[in-house]
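Right, one structure below, let's go through it.
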Amino acid sequence: MGAGVNLPAREVIIFDTKRWNNEWLNRNVFHQIGGRAGRPGYDIYGKCTVLVSDSREKKKIRQRFWQTNEESSRTDSPHTSTKPRFDEINSMLICRDELEKLVLSLIYNTKSTFQDLLNLLNKTFFDFNRWKASKKKDSTLEEWQKESKESFKILLKQSENFDNNKLLGLERLFLDSDLEITKTIDGDESQAIYIRDNKTQYTISLEEDHIFCSCSNQSFLCKHRIFVFKHLPLNTVRRILDKEFSILEKLIVNGYIVENTKGEFRTTTKGSICAEMGVTRKKFEQLKNWLMYDVVSTNPNLTELLYFCVKIIPKIEDSDYFVDNLSYKRPIYEHVILGREILEVIRKHQLYEGDLLRVEVSLKSLIAALTPLTEYLGLTKLCQQFKDLDKVLSEALRHSF
């Protein structure tokens, strides 16, 4: 009910506000589910009922999902005026690997030029959030994007021509006047720089041309790192940027993309498979090694291969829904390999039908991605096993819906 299907209703009853692992529902998902009641265009009235076990749980739910003052928190009146509380929506581009994944996907889908990539990155939700978070409230989004494009140039290309003017451009995007270096500690192989940001202290670590910051901003260039750049030799800044970024160069060197004489980038076979899988280059390399050294070396049968895949899903999906995937090994074996009815399996193992099916759908997606990868790696026998496993899984899913 949270997303994907238009199911309007007069009344929605939410039985539980927590997931199976006792984690709270995302606030946005909660209100999306409740919002199915009385949908505009279908009805003029809607009612959402949340079931609770006692007044303590009621108070916790109200405090989590609604903006309430002290008086409304104390009252039991069902007509208390409250406003919904939502979780902030952030960009998924939280690190260099994710940006690299996006760039590879753009090249795979559009055969982009360097200018095309700049224009597309300039229109991302990530860049819009950067503008909102900046102190440049007097500048328009268009003015911001013009300056911001320079930072994307640095992220995409080698920084051989990086000079003081470009550093000043980065400072204009990221810096404010509240930063101050309070202490520097030099070690044999690293350096620690302590920065005061208003009343909070952060630590910048420099190790072998890598730069780390203790702030919560895991994005590409936080203001603390840019501030430190001002106090480093320009050659050191160039080496750090080349080591941390130069995304297009790294994709070319590692054989994921090529550039033609017209300046257009396109993906290689390896790059296309990685883009279709929707994983970062780092995860793609991990999957290659996993297939070649962990899976092939054991010469698995179909059931063992199924278990290998069940185990690897959380590492690929970055999902917290199925942390304990191995608990699904036996139910999936009975449903997929032995061909037992899904209702029989979930009753026996006391599972929710949706949870089991979600794992199996994730399995099917993973197997569909691994099949061309094994073919590319020349693992002929394993490739055929994945095709066989896909057929068996498809048949089990077909009878489940």
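The values are calculated or read from the model by the stated rules, or taken from the named source; none is laboratory data. Model, not experiment: these values are computed from the prediction. Cβ sites come from the backbone with ideal geometry, for glycine too, and all protein chains shown count toward neighbours.
Values computed for the structure shown
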{"item": "Among (1) over 28 Å from L382 (Cβ atoms); (2) free of Cβ contacts under 8 Å to residues at least 12 places away in the same chain - the single one R238 does not satisfy", "result": "(2)"}
{"item": "Residue, nearest to D16 (Cα to Cα), within the range 58-90, restricted to residues that are acidic (D, E) and at pLDDT below 70", "result": "D76"}
{"item": "Residue satisfying condition, being in contact with a Leu (Cβ under 9 Å, 6 or more places away or on another chain) and surrounded by 13 or more Cβ atoms within 10 Å (Cβ to Cβ), within set L156, L179", "result": "L156"}
{"item": "Any hit, the range 113-121, residues being crowded, with 16+ Cβ neighbours inside 10 Å and more than 19 Å from G271 (Cα to Cα)", "result": "yes"}
{"item": "Among (1) closer than 14 Å to C95 by Cα; (2) assigned to a helix (DSSP H, G or I) - the single one I273 does not satisfy", "result": "(1)"}
{"item": "Those residues of the range 142-152 which are closer than 15 Å to L120 by Cα and surrounded by fewer than 18 Cβ atoms within 10 Å (Cβ to Cβ), in sequence order", "result": "E142, K146, E147, K149, E150"}
{"item": "Condition check for N235: modelled with pLDDT of 85 or more, assigned by TED's automatic domain parsing to the domain that holds F126, under 30 Å from F265 (Cβ atoms) and not in a strand (DSSP E or B)", "result": "yes"}
{"item": "Set E375, E395: member being in a helix (DSSP H, G or I), over 25 Å from the mean Cα position of the chain (by Cα), surrounded by 14 or more Cβ atoms within 10 Å (Cβ to Cβ) and charged (D, E, K, R)", "result": "E375"}
{"item": "Some residue of the range 15-23 being outside any loop (DSSP other than H, G, I, E, B) and either modelled with pLDDT of 85 or more or assigned by TED's automatic domain parsing to the domain that holds D355 (or both)", "result": "yes"}
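Residue-wise test of (1) out of contact with any helix residue (DSSP H, G or I) (no Cβ under 7 Å at 6 or more places or on another chain); (2) in contact (Cβ under 8 Å) with a residue 12 or more places away in the chain.
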site	(1), (2)
L121	no, yes
T124	yes, yes
A133	yes, no
D138	yes, no
K146	yes, no
L155	no, yes
D178	yes, yes
N198	yes, yes
I204	no, yes
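Yes/no matrix, rows are residues, columns are (1) modelled with pLDDT of 90 or more; (2) within 25 Å of the chain's Cα centre (by Cα); (3) of a type in the set (S, T, Y); (4) buried (at least 21 other Cβ atoms within 10 Å of the Cβ):
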residue	(1), (2), (3), (4)
H224	no, yes, no, yes
K243	no, yes, no, no
G255	yes, yes, no, no
G271	yes, yes, no, yes
L302	yes, no, no, no
K329	no, no, no, no
E334	yes, no, no, no
